[in-house]
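Colleague: Pasting in a structure now, in structure tokens, and then I'll have a few things to ask.
Nothing in this text is a laboratory measurement; each read-out follows from the coordinates by a stated rule. Note that the structure is a prediction, hence the values are computed from the model and not measured. Please note: Cβ atoms are built from the backbone with ideal geometry, for glycine as well, and neighbour counts cover all protein chains shown.
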Amino acid sequence: MEERKKLMKVLKNKIIYTGNGKIDNGYVRFNQRISEVDEMRNFVPQEDDEIIETDATYVIPGFVDVHSHGGYGKDSMDASADEIDWMVRQMAAKEGITTYFCTTMTQTYDNIELLLINDGSPDRSGEICDRYAQTDERIKVFHKQNAGVSAARNTGLMNAHGKWIIFVDSDDWLEVDCIEKCLKLINEYHLDFLQFGLKRVDDNGRVLSADGKETAVLSAEEYIRTGKIGICVGGGIFKADIIQAANLRFDTDLKLGEDQLFVYRYISKCKYCNRINNLFYNYRANAESACTISNPQECIKSIKAFQKFELRRIFEPYIQRSILRYFLYPIIRSGILTVRQIYILIQTEKFEMLVPNRKIEKIFLNLYKCSKYAGIFFLRYTLS
């Protein structure tokens, strides 16, 4: 049985700008796509036509924003369905923008697969992801119950089909030429791992800080010794074959430092690595981010995981610094624990690597017992 034709919509007796010219009295027949644009004298009614009545006189093409971070005080990377809906309506009404593409979809290298993991979002983010998937066959959407960023990344790893993998968190974005330039270097130097620089930006896109270290092309062992390994998982491009062969996954029990351990385990499987100073990754400094929340229990859990890390000896300088800067120091700075509680924590939990050496630990404890601010100042000095 022949499938019934889809109902076609028709605008009649309009002044139409086609992009190539002007029709003073014409019609447009369309459904999801425009099928006909012509003068009214050539109009032939069809059985499935639905005539759209409107007082509008003009029909003009809509503009396509092919690379956008947002507008009108809203940011598409916030992944707020209501805000994106409001923003797009403003763009349509005030600028004539009728089609809109977020930054990650508009890389100069287009042979990519985009996996969108909806980690149980309570708003309409999942619906927006599905809409994008309908407009671009490169996009695949996976809906799951909320289980945290590690579980979401693992879902992506289990469903990825590309040769190389980049992780981009929901409120971050890549520069438009990131993938193209990275793959050129990877192929030229036969790299297993390429890390690039990142910028910390605020909600208005203003750069707060930048990390653009660089190295030569090095063996993995030499790369580790440089002290320049980036700990942000988003600041690198990973080889899928290495990840799958080693069955590397993110630790879903950790909320802090899980990306660092993944990076270290990955590097241990590589032959050649490189870090470039191109600031390709834009990291949103969000006060509610897991990286900025000083939760004592989560910090302690991460300290224990880092101390039990099977590659601890190889990455010891990085681990020492991370424990101090990202886990202990935030607790002290926030004032969540008192001087006595910090001291008891160190003694009872037997954290041997809270600071780079025992001499520094002793100085810190003595200073901190006298003044919390003196201890914090000392930590800042040793970390600078």
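Colleague: When the Karplus curve 6.51 cos²θ - 1.76 cosθ + 1.60 is applied with θ = phi - 60°, which whole-Hz ³J(HN,Hα) does each residue of segment 301-312 get, with x for Gly and Pro?
Modeller: Karplus values, whole Hz, x for Gly and Pro: 4, 5, 4, 4, 5, 5, 6, 8, 4, 5, 9, 4.
Colleague: What's the extension gain from residue 138 to residue 24 if we count 0.36 nm per residue and subtract their Cα-Cα distance? Write out the running numbers ahead of the final one.
Modeller: Working: separation 114, 0.36 × 114 = 41.04 nm, distance 3.95 nm.
My answer for the length gained is 37.1 nm.
Colleague: Give the order of 298, 39 when sorted by the count of other beta carbons within 10 angstrom, beginning with the fewest.
Modeller: 39, 298
Colleague: Here's a follow-up. Cβ neighbours within 10 Å, averaged per peptide: list 146-154, 165-173 in order, most packed at the top.
Modeller: Packing proxy ranking, top to bottom: 165-173, 146-154.
Colleague: Could you give each residue of segment 194-205 its phi-based ³J(HN,Hα) in whole Hz, using Karplus coefficients 6.51, -1.76, 1.60 with θ = phi - 60°, and x for Gly or Pro?
Modeller: Ordered by residue, 3J(HN,Hα) equals 10, 9, 10, x, 9, 10, 8, 10, 8, 5, 9, x Hz.
Colleague: Something else about it: Fewest to most neighbouring Cβ within 10 Å: what's the order for 178, 270?
Modeller: 270, 178
Colleague: Here is a further query. For a Förster distance of 51 Å, can you work out the FRET efficiency between the beta-carbons of residue 113 and residue 307, rounded to the nearest 0.05?
Modeller: Working: r = 37 Å, r/R0 = 0.73.
In this case the efficiency is close to 0.85.
Colleague: In whole Hz, what ³J(HN,Hα) sequence does segment 243-260 give by Karplus (6.51, -1.76, 1.60; θ = phi - 60°), x for Gly and Pro?
Modeller: 4, 6, 5, 8, 6, 7, 9, 7, 6, 6, 7, 9, 10, 10, x, 5, 6, 4
Colleague: From the square roots a ≥ b ≥ c of the eigenvalues of the alpha-carbon gyration tensor of segment 147-284, which class results: rounded (a/c under 1.5), prolate (a/b over b/c), or oblate?
Modeller: rounded
Colleague: Sum up the charges of everything whose Cβ sits under 15 Å from the Cβ of residue 226, counting Lys and Arg as +1 and Asp and Glu as -1, but leave residue 226 out. If you can, show how the numbers build up before the last one.
Modeller: Values: positive: 213, 225, 228, 275, 321; negative: 211, 214, 221, 222, 316.
Neighbour charge sum, excluding residue 226 itself: 0.
Colleague: So how much slack lies between residue 246 and residue 316, counting 0.36 nm per residue of separation and subtracting their Cα-Cα distance, in nm?
Modeller: Details: separation 70, 0.36 × 70 = 25.20 nm, distance 2.17 nm.
That works out to 23.0 nm of additional length.
Colleague: Between beta-carbons, use under 14 Å as the cut-off and find the net charge around residue 177, counting Lys and Arg +1, Asp and Glu -1.
Modeller: That sum, taken over residues with Cβ under 14 Å, equals -1.
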